[in-house]
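Structure first, then comments.
The values are calculated or read from the model by the stated rules, or taken from the named source; none is laboratory data. Owing to the predicted nature of the structure, the values given are computational and were not obtained by experimental measurement. Cβ: placed from backbone, ideal geometry, glycine included. Neighbour counts: every protein chain shown.
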Amino acid sequence: MFELPPLPYDYDALEPTMSAETLQFHHDKHHKAYVEKANTLAQKAGLDGRALEEVVREAKKRDDKKLFNNGAQAWNHAFFWQCMTPDAGQPSGALAQAINQAFGSLDAFKDAFAEAGVDHFGSGWVWLVTSGEGAKVITTHDADDILVREGVYPLLVCDLWEHAYYLDYQNDRPGFLKRWLDGVANWDFAARQLAAANGQGDGFRYPAPSAGERRPGEAGEQPRPSA
Ligand code: MN3
């Protein structure tokens with residue numbers, strides 16, 4: 001069984017960029033529902049006890065859309081919480097270098113990220129990723145995620161579903177993205193993801209499921225990413 005991972009900060013920690021009310025609904029209602037449905041569907045599919053990353057990839061392979069959508073949304077949201085912090089600084093080191101190489105400057109990256117998010121029609125996600133071609137911005141529709149993209153490794157994501165910003169910004173997605181990038185984007189997390197993509201340290205993994213065959217001490221163990 002997958003657990004709903006707790007937020008890595010208090011509900012009001014991201015104010016005024018993101019209100020406590022938004023985080024409460026988003027985490028306690030939306031994310032929780034995806035995790036619960038993923039659990040039910042993974043069990044039906046005979047995949048309970050497997051890591052969420054494996055479940056999502058297997059669901060894609062089997063064309064099990066319900067399991068894929070709910071599993072991917074469970075994963076994307078857990079990743080998204082890590083992509084925000086009340087202590088947002090500035091990118092530095094290898095991350096700053098990768099951003100400058102790909103976009104020219106941090107401001108140019110922010111413009112590209114916000115523009116891709118604004119141009120994305122309907123629900124989905126806007127990502128900063130790294131691949132063989134360096135850093136780039138991509139968007140994915142609905143629940144679709146990076147786990148099923150070969151050779152692409154996620155550094156940062158922002159949720160473009162209206163439930164992510166409607167309470168705070170109504171229909172102002174451009175305003176939300178600008179405030180998000182300037183106010184709460186977690187560059188330290190993105191830097192750790194970039195290091196993991198380059199074989200240094202651990203990248204993000206969804207907390208391992210608690211299943212009958214696992215001993216309690218193993219529940220939190222995270223295998224190293226292969227990227
Ligand atoms: Mn969401």
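Given the residues 187, 161, which is the only one that is in contact with a helix residue (DSSP H, G or I) (Cβ under 9 Å, 6 or more places away or on another chain) and modelled with pLDDT of 95 or more? Full working, then the answer.
Details: 161 fails: modelled with pLDDT of 95 or more.
Step by step, each of 187, 161 is checked, and only 187 is in contact with a helix residue (DSSP H, G or I) (Cβ under 9 Å, 6 or more places away or on another chain) and modelled with pLDDT of 95 or more.
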Within region 164-184, take every residue that is within 13 Å of the ligand (Cβ to nearest atom) and in contact with a helix residue (DSSP H, G or I) (Cβ under 7 Å, 6 or more places away or on another chain) and give me the one that is modelled with the highest pLDDT. 176
So, first residue outside the structural domain of residue 52 (by TED's automatic domain parsing) in region 1-21, second residue modelled with pLDDT of 95 or more and among the polar types (S, T, N, Q), Cβ within less than 6 Å, six or more apart or across chains; the pairs are 1/39; 2/39; 11/24
I'd like the full set of residues that are within 10 Å of residue 56 (Cβ to Cβ) and part of a loop (DSSP other than H, G, I, E, B), limited to region 137-152. 143, 145
Do we find that residue 52 is within 16 Å of the chain's Cα centre (by Cα), closer than 22 Å to residue 139 by Cα and modelled with pLDDT of 95 or more in this structure? yes
Any helices (runs of 4 or more DSSP H) falling wholly within region 1-93 and containing at least 1 residues that are of a type in the set (Lys, Arg) and surrounded by fewer than 17 Cβ atoms within 10 Å (Cβ to Cβ): 32-44, 52-62, 65-82
In region 123-162, which residues are within 16 Å of the ligand (Cβ to nearest atom) and without any contact (Cβ under 8 Å) to a residue 24 or more places away in the chain? 139, 140, 141, 146
